Amino acid sequence: MVFRSLIVACALAVGLLAAPQSGFAQQSMPTPTGSALSPAQRAEVMALIRQALVQDPSILRDAIGALQAQDQASQAAAQGNAIAASRRALTDNPADPVIGNPHARISVVEFYDTRCPYCRVMRPELAALAKQDPNVRVIFKDIPILGPDSVLEARALLAAQRQGGYAAMQAAVMSDNAPETEADLRATATRLGLNADRLARDMKDPRISAQLAANTSLAQSLGITGTPALIVGHQLVPGAISMDDLQKLVAQAQAS
């Protein structure tokens, strides 16, 4: 469809520009509801298109670039609308873990997996941002998409949240390259001053399963296909980014 639209656009443009030489454009151009081109007209149009592209290949490059820009703008608009429609689920869920000023005006929402190496790169950056800027809070949406180890660790983090230990458990789990077993998680909870028995019970709570499922469903509705994925203001940013870029996004959100 894109190539066909490009051909039509080139045909119209080249036909009009070439009118004095070819005489073709002097004829009445058919409207979209008019009759189709005759075989002779079609052959002349195709010849003009080929000649134009040979003489100036940048026509094709510019046309493709314009189409790509239109597609990107359309996708960004649709994504912004989806984020706006999901605003309450993104920022107003009291079950979500939060670091930083809980009443901050700007929310940075991260969809992440504890086993994702790029999420591990972002963890200290987000922690530093929340500590440095009182106008920012970071909301975590655990989406364990990398297998059973991810699910077990996500359950442990949400269970630790009930004891006020989410951030500490997150830092401990994401600092260890080896997947955590339930015994490891109990030992980590004890080391952090949490009740390990309660942690183990809460990990099996169906409400935690429901929360993880809701996070994953929300991510899918926003077109998120991997981790980490950040939402700052009305922008969705896939992948890990630098602190400078993160601060720029926050500044843009504050200005809007």
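Acidic (Asp, Glu) and either closer than 18 Å to residue 121 by Cβ or in contact with a strand residue (DSSP E or B) (Cβ under 7 Å, 6 or more places away or on another chain) (or both): does that describe residue 244?
Numbers: acidic (Asp, Glu): yes; either closer than 18 Å to residue 121 by Cβ or in contact with a strand residue (DSSP E or B) (Cβ under 7 Å, 6 or more places away or on another chain) (or both): yes.
Here the answer is yes, as residue 244 does meet what is asked.
Could you go through region 212-229 and let me know if any residue there is closer than 22 Å to residue 121 by Cβ, of a type outside the set (Val, Ile, Thr) and in contact with a Cys (Cβ under 7 Å, 6 or more places away or on another chain).
Yes: one or more hits.
Of the residues that sit in region 196-225 and are in a loop (DSSP other than H, G, I, E, B) and surrounded by 15 or more Cβ atoms within 10 Å (Cβ to Cβ), which one is farthest from the chain's Cα centre (by Cα)? Let's see the steps before the verdict.
Kept after step one, since they are in a loop (DSSP other than H, G, I, E, B), are these residues of region 196-225: 204-205, 222-225.
Retained after the next criterion (residues that are surrounded by 15 or more Cβ atoms within 10 Å (Cβ to Cβ)): 222, 224.
Values: 222: 7, 224: 5 Å.
Filtering region 196-225 for residues that are in a loop (DSSP other than H, G, I, E, B) and surrounded by 15 or more Cβ atoms within 10 Å (Cβ to Cβ), the one farthest from the chain's Cα centre (by Cα) comes out as 222.
Conditions: (1) in contact (Cβ under 8 Å) with a residue 60 or more places away in the chain; (2) more than 24 Å from residue 130 (Cα to Cα). Residue 183 meets all but one. Number of the miss?
(1)
Can you name the condition, by its number, that residue 110 falls short on among (1) within 29 Å of residue 219 (Cα to Cα); (2) outside the structural domain of residue 154 (by TED's automatic domain parsing); (3) at pLDDT 70 or above?
(2)
Kindly establish whether residue 187 is small (Gly, Ala, Ser), out of contact with any Lys or Arg (no Cβ under 9 Å at 6 or more places or on another chain), assigned to a helix (DSSP H, G or I) and at pLDDT 95 or above.
For residue 187, the condition - small (Gly, Ala, Ser), out of contact with any Lys or Arg (no Cβ under 9 Å at 6 or more places or on another chain), assigned to a helix (DSSP H, G or I) and at pLDDT 95 or above - is met.
Six or more apart or on different chains, Cβ atoms under 6 Å: show the pairs whose first residue is in region 189-213 and farther than 14 Å from residue 166 by Cβ and whose second is of a type in the set (Ser, Thr, Tyr).
So the pair list comes out as 196/190.
Restricting to region 84-106, count the residues that are among the hydrophobic types (A, V, I, L, M, F, W, C), within 22 Å of residue 170 (Cα to Cα) and surrounded by fewer than 16 Cβ atoms within 10 Å (Cβ to Cβ).
1
The values are calculated or read from the model by the stated rules, or taken from the named source; none is laboratory data. Remember, it's a predicted structure, so these values are computed and weren't measured experimentally. Positions of Cβ are generated from backbone atoms using ideal geometry, with glycine treated the same way; all protein chains shown enter the neighbour counts.
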